[in-house]
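The values are calculated or read from the model by the stated rules, or taken from the named source; none is laboratory data. This is a predicted model, so every value here is computed, not measured. Here the Cβ positions follow ideal geometry from the backbone for every residue, glycine too, while neighbour counts run over all protein chains shown.
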Amino acid sequence: MPENGETAPLLGENVPNLARDTDFHGQAAANRVRRTATIRAITYGVLTTVFVVALLCMLLLWDKMSGAIGGLPKDPHKAALIVLQNSPVIDGHIDLPILVRARYANNVSAVDLEKPFEGHVDIPRLREGKVGGFFWSVYVDCPGEEEGEDFLNATWRVRDTLEQIDVAKLLIDKYSDTFSLALGANDVKTAISRGKIASLLGVEGGHQLGNSIQVLRQYHALGVRYVTLTHICHNAFADSCGFQPGIKPRWGGLSDFGYALIDEMNRIGMLVDLSHTSDDTAKQALKYSKAPVIWSHSSARAVHDVPRNVPDDVLELVGLGPNKTDAVVMVNFAPFFVAEPGKADVKAVADHIDHIAKIAGKKHVGIGSDFDGIGDTPVGLEDVSKYPDLVAELYSRGWNSFDLAGLTGGNLLRVMNGVERVAWELQRLHTPPVMARYEKRTDL
């Protein structure tokens with residue numbers, strides 16, 4: 001019998017006598033250790049099960065999940081669609097307005113973009129091609145000899161440009177459920193986030209300025225956000241590269257008036273576009289501009305040797321490092337600029353993109369198709385619905401999702417942001433408007 005006089009059955013076996021048993025703390029501690037070990041085992045088991053289930057889900061759903069986390073499926077077309085879903089194409093140059101001028105005498109009421117439309121562009125194909133935005137080129141052609149040797153004779157080019165701006169803006173408004181006029185990088189992002197196609201305006205040639213920086217400012221007020229310094233003709237501001245085989249320089253690059261033009265473009269936030277310019281014009285503009293520049297629709301001369309393409313010694317001036325200027329070269333699809341006759345296809349266009357990326361870097365290449373401004377197209381890039389095939393081709397060559405997102409529009413948006421920052425800073429410093437005038441004018 002226990003010393004306290006109580007019988008063992010009353011307390012039960014292994015039940016501590018709290019009045020006498022002095023080792024109950026050790027037993028309690030042992031019990032806590034056992035409980036803790038049990039809880040840990042259960043927790044680890046649950047976590048392991050959750051991890052395995054999550055891993056299996058990721059493997060099973062990888063094609064859908066990978067685009068959101070930087071990886072892409074193996075299938076190039078599926079990969080392209082994922083890239084374009086998140087980073088749709090922003091094309092640097094589409095000539096729809098000049099097609100409307102040529103075929104419909106600028107009568108936008110006769111134009112129906114909601115069903116198959118002649119040329120390379122309509123709303124169904126834009127949607128199929130995953131287009132998030134493009135520059136509507138408000139182009140009119142070079143005036144020819146009637147302008148005179150010093151570019152002084154009236155040619156109606158300013159009037160015609162205003163009509164093309166009107167055509168573009170009327171079509172944007174007519175299809176406002178699809179298009180949204182964009183005046184800057186934030187407008188582009190907002191339009192895309194709302195499922196619309198950001199619509200920017202670009203003037204394709206200094207001959208459309210009427211030798212006047214005041215006209216430049218008024219184009220900007222109307223919504224124009226780039227001016228190509230030249231088309232295939234020289235003008236009062238700069239030398240053109242002409243067409244094959246090129247033309248004799250007039251100014252040796254930029255004229256003094258051309259430097260003044262760039263000053264004002266930098267101040268107001270107008271993109272300097274170097275497509276169509278001579279090599280000397282491009283080099284001088286790159287070195288002089290305070291803001292990043294673009295080539296809205298140009299390819300690589302090292303891949304196909306025509307004057308309209310950008311040579312390597314110019315591409316080497318492009319970049320983010322010392323003695324370089326930020327820029328984006330937006331590759332043109334015109335077969336004549338892409339390859340020898342009969343050889344222009346999606347792979348050949350990809351070769352130009354690869355080469356520009358090799359020389360200038362993948363942060364400095366984009367897409368500027370020239371659709372509706374070219375009579376023929378590369379095989380596999382017949383219209384705006386085919387952009388995914390170009391992205392798929394580059395993916396098959398090793399381009400990753402981030403580089404492809406830059407190509408399709410991110411690089412252009414970076415350059416636009418840079419141009420806008422420079423303009424904001426110049427205006428913050430109260431930089432006065434440029435009042436330079438063309439020295440050969442006699443009316444002022």
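List of remarks:
- Residue in region 277-299 that is acidic (Asp, Glu), surrounded by 24 or more Cβ atoms within 10 Å (Cβ to Cβ), out of contact with any Lys or Arg (no Cβ under 8 Å at 6 or more places or on another chain) and in the same structural domain as PRO335 (by TED's automatic domain parsing) present: no
- Residue in region 135-154 that is part of a loop (DSSP other than H, G, I, E, B), closer than 30 Å to ALA405 by Cβ and assigned by TED's automatic domain parsing to the domain that holds ASP376 present: yes
- Note on region 171-183: among residues that are part of a loop (DSSP other than H, G, I, E, B) and not charged (D, E, K, R), the one that is surrounded by the fewest Cβ atoms within 10 Å (Cβ to Cβ) is SER176.
- All of (1) of a type in the set (A, V, I, L, M); (2) surrounded by fewer than 19 Cβ atoms within 10 Å (Cβ to Cβ); (3) in contact with a strand residue (DSSP E or B) (Cβ under 6 Å, 6 or more places away or on another chain) hold for ALA168 with one exception: (2).
- Take the conditions (1) surrounded by 20 or more Cβ atoms within 10 Å (Cβ to Cβ); (2) touching an Asp or Glu at 6+ places or on another chain (Cβ under 8 Å); (3) in a helix (DSSP H, G or I); (4) not β-branched (Val, Ile, Thr); PHE337 misses just one of them, which is (2).
- From the list GLY252, GLY258, the one residue that fits, being over 22 Å from GLN214 (Cα atoms) and in the same structural domain as GLY210 (by TED's automatic domain parsing), is GLY252.
- Being within 27 Å of ILE90 (Cβ to Cβ), among the aromatic types (Phe, Trp, Tyr) and either in contact with a Gly (Cβ under 6 Å, 6 or more places away or on another chain) or in a helix (DSSP H, G or I) (or both) is a description that does not apply to TYR259.
- Screening region 220-235 for residues that are in contact with a strand residue (DSSP E or B) (Cβ under 6 Å, 6 or more places away or on another chain) and closer than 22 Å to GLY184 by Cβ and picking the one that is surrounded by the fewest Cβ atoms within 10 Å (Cβ to Cβ) gives GLY223.
- Hey, VAL100 among the aliphatic types (A, V, I, L, M), assigned to a loop (DSSP other than H, G, I, E, B) and either within 29 Å of the chain's Cα centre (by Cα) or on the phi > 0 side of the Ramachandran plot (or both) or not: no
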